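**Student:** Right, I'll just put the structure down here and ask away after.
The values are calculated or read from the model by the stated rules, or taken from the named source; none is laboratory data. Treat the numbers as computed from the prediction; the structure is a model and nothing was measured. Reconstructed Cβ throughout: ideal geometry from the backbone, glycine too, with neighbour counts over all protein chains shown. Heavy atoms of the whole protein, side chains included, go into the accessibility calculation; ligands, DNA and RNA do not. Shrake-Rupley method; radii C 1.70, N 1.55, O 1.52, S 1.80 Å.
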Amino acid sequence: MKFKTSLILLLCFFTVLTTSSLWSQQYNFGIGAEPKIGYLMPHRSTMAHLVEQHSYAVELSGVLQTDGTKQWHHDFNFPKISVNLFYSDLGNPNVLGEAYAFSGGIYLPFVKQNGWSLGSELQAGIGYVTKHYDVDLNPKNNAIGSHVNCLVSFGLRFEKQILQHVLGMKVSMTHFSNGAYKLPNLGLNLPFLGLNYTYFMQPINRKDSASFEREGTELKSWNFSTQLIGSVKQIYPTGGNSYGVIALTNYAQFKATHKCMIEGGLDLIYNGSTVAYNGGGYSRDKNFQVGVYGAYVLPIHKFHMFVAMGRYLYKPLYPAGMWYHKFGGRFQIIDKLWANISIKSHWAKADYFEYGLSYRW
């Protein structure tokens with residue numbers, strides 16, 4: 001690892017350490033580190049030339065251990081919430097450069113017994129890749145078209161708690177993508193094997209019952225929302241224009257259990273790239289699309305993660321088929337207002353990121 005990278009991560013580590021020490025008087029915070037080894041997975045044959053060597057990475061984390069004061073801590077088996085700093089050499093520094101990222105994450109144990117636990121970990125945030133595609137200076141990089149990208153990571157984590165110390169191992173997949181706002185955007189998929197250690201400022205204690213009642217939607221009840229989405233995207237060939245996207249969605253949710261909400265919605269979409277994708281020669285009203293979708297929503301306190309599959313009811317111009325998909329999350333800002341960030345795709349091909357606000361009636 002280069003000296004400047006080590007210095008940056010060291011400064012970030014001490015920043016997180018200082019912050020956690022100050023807050024640990026009220027909450028049980030910890031400091032974690034995770035070295036990783038992996039490789040770039042070429043999910044398209046046209047990316048094979050990007051694979052040169054193993055990719056090495058390190059992640060530094062500030063971790064909050066939930067203590068059972070709120071009911072959702074018990075519902076999800078006392079999860080951990082983290083703020084993470086990530087670095088990777090991407091295994092090909094000449095073409096791909098290096099990657100830096102800042103993310104938020106949550107570890108949700110499936111089972112927890114006698115200090116042992118096994119569960120899933122999800123992280124999402126923003127990343128910076130130092131080298132992207134350039135027709136003159138870096139034409140071999142056909143995976144990433146921008147410095148700034150979204151980072152998403154899924155992992156399976158196994159760990160052991162010993163007093164204030166937690167030792168663990170994690171298998172994960174880390175993905176960088178810009179959601180097609182700047183082409184090319186094949187994205188980077190990096191499977192990693194990591195070993196992690198976390199030190200907590202106080203002994204880990206968990207309350208047997210919650211001090212506060214559950215918040216949010218009542219069990220076995222419906223709620224209705226309206227969502228406004230905006231985005232920007234490009235289409236091939238690389239180097240072309242950018243097009244705007246705006247969408248209005250009305251959706252209903254039914255809370256089946258404390259860990260499951262079922263959602264159905266109607267999408268009204270204006271995708272400014274559709275006519276251009278089909279070679280032009282059509283009026284702009286052909287950019288309009290109408291679709292319906294169904295989704296599974298995982299409600300974690302004031303954060304909802306969802307995965308959806310939909311079908312167009314009205315789509316005057318082709319591209320990419322009649323089925324579409326969404327994956328992302330919503331976060332409550334105030335009582336009835338939620339922020340949304342998700343990605344819309346047609347199977348494994350990204351269409352655009354969805355940035356927006358939802359109002360719950």
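**Student:** How about the range 319-333: which of its residues are surrounded by fewer than 17 Cβ atoms within 10 Å (Cβ to Cβ) and either in contact with a strand residue (DSSP E or B) (Cβ under 6 Å, 6 or more places away or on another chain) or under 14 Å from His304 (Cα atoms) (or both)?
**Tutor:** Residues of the range 319-333 surrounded by fewer than 17 Cβ atoms within 10 Å (Cβ to Cβ): 319-323, 327, 331, 333.
Hits for the range 319-333 are Ala320, Gly321, Met322, Trp323, Phe327, Phe331, Ile333.
Yes or no, residue by residue, for (1) closer than 30 Å to Lys349 by Cα; (2) aliphatic (A, V, I, L, M):
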position	(1), (2)
Ile144	yes, yes
Val148	yes, yes
Met169	no, yes
Asn185	yes, no
Asn189	yes, no
Leu195	no, yes
Thr198	no, no
Phe212	no, no
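**Student:** Another one. Can you name the residue in the range 276-301 that is closer than 30 Å to Asn77 by Cβ and in contact with a helix residue (DSSP H, G or I) (Cβ under 9 Å, 6 or more places away or on another chain) and is also most open to solvent (accessible area, probe 1.4 Å) among such residues?
**Tutor:** Restricting to residues being closer than 30 Å to Asn77 by Cβ and in contact with a helix residue (DSSP H, G or I) (Cβ under 9 Å, 6 or more places away or on another chain), the top hit is His301.
**Student:** What are the pairs with Cβ atoms under 6 angstrom where one residue, in the range 319-343, is in a loop (DSSP other than H, G, I, E, B) and the other, located anywhere, is at pLDDT below 95 and exposed (fewer than 13 other Cβ atoms within 10 Å of the Cβ)? Sequence gap at least six, or different chains.
**Tutor:** none
**Student:** Restricting to the range 136-181, give me the number of residues that are open to solvent by 80 Å² or more (accessible area, probe 1.4 Å), at pLDDT below 95 and closer than 19 Å to Gly125 by Cβ.
**Tutor:** Counting residues in the range 136-181 that are open to solvent by 80 Å² or more (accessible area, probe 1.4 Å), at pLDDT below 95 and closer than 19 Å to Gly125 by Cβ gives 1.
**Student:** Which of the residues that make up the range 109-121 are open to solvent by 20 Å² or more (accessible area, probe 1.4 Å) and either more than 14 Å from Gly168 (Cα to Cα) or under 14 Å from the mean Cα position of the chain (by Cα) (or both)?
**Tutor:** Scanning the range 109-121 gives Phe110, Val111, Gln113, Asn114, Ser120.
**Student:** Applying the selection to the range 202-240, what residues are under 20 Å from Lys80 (Cβ atoms), open to solvent by less than 80 Å² (accessible area, probe 1.4 Å) and touching a Gly at 6+ places or on another chain (Cβ under 7 Å)?
**Tutor:** Arg206, Ala210
**Student:** From the list Phe154, Phe176, pick out the single residue that is in contact with an Asp or Glu (Cβ under 8 Å, 6 or more places away or on another chain) and closer than 24 Å to Glu354 by Cβ.
**Tutor:** Phe154 is the lone residue from the list that is in contact with an Asp or Glu (Cβ under 8 Å, 6 or more places away or on another chain) and closer than 24 Å to Glu354 by Cβ.
**Student:** Report, by residue number, each residue of the range 135-191 that is part of a loop (DSSP other than H, G, I, E, B) and basic (Lys, Arg). Before the answer, list the steps.
**Tutor:** Taking the range 135-191 first, the residues part of a loop (DSSP other than H, G, I, E, B) are 135-137, 139-147, 163-164, 178-187.
Lys140, Lys182, listed by residue number.
**Student:** Among the residues of the range 182-197, which ones are aliphatic (A, V, I, L, M) and open to solvent by 30 Å² or more (accessible area, probe 1.4 Å)?
**Tutor:** Leu186, Leu193, Leu195 - these are the residues of the range 182-197 that are aliphatic (A, V, I, L, M) and open to solvent by 30 Å² or more (accessible area, probe 1.4 Å).
**Student:** Pull up the range 66-90, narrow it to residues that are of a type in the set (S, T, N, Q) and surrounded by fewer than 18 Cβ atoms within 10 Å (Cβ to Cβ), then point me to the one that is farthest from Phe200 (Cα to Cα).
**Tutor:** Gln71
**Student:** Now a separate question. Given the structure, is Phe306 open to solvent by less than 20 Å² (accessible area, probe 1.4 Å), aromatic (Phe, Trp, Tyr) and over 22 Å from Tyr318 (Cα atoms)? So that I can check it myself, show each step before the final result.
**Tutor:** Numbers: open to solvent by less than 20 Å² (accessible area, probe 1.4 Å): yes; aromatic (Phe, Trp, Tyr): yes; over 22 Å from Tyr318 (Cα atoms): yes.
It is true that Phe306 is open to solvent by less than 20 Å² (accessible area, probe 1.4 Å), aromatic (Phe, Trp, Tyr) and over 22 Å from Tyr318 (Cα atoms).
**Student:** I need the full set of residues from the range 337-351 which are charged (D, E, K, R) and modelled with pLDDT of 95 or more, in order please.
**Tutor:** Residue satisfying the conditions is Lys344 alone.
**Student:** Of all residues being part of a strand (DSSP E or B) and small (Gly, Ala, Ser) in the range 214-250, which is farthest from Val135 (Cα to Cα)? Just the residue, please.
**Tutor:** Ser225
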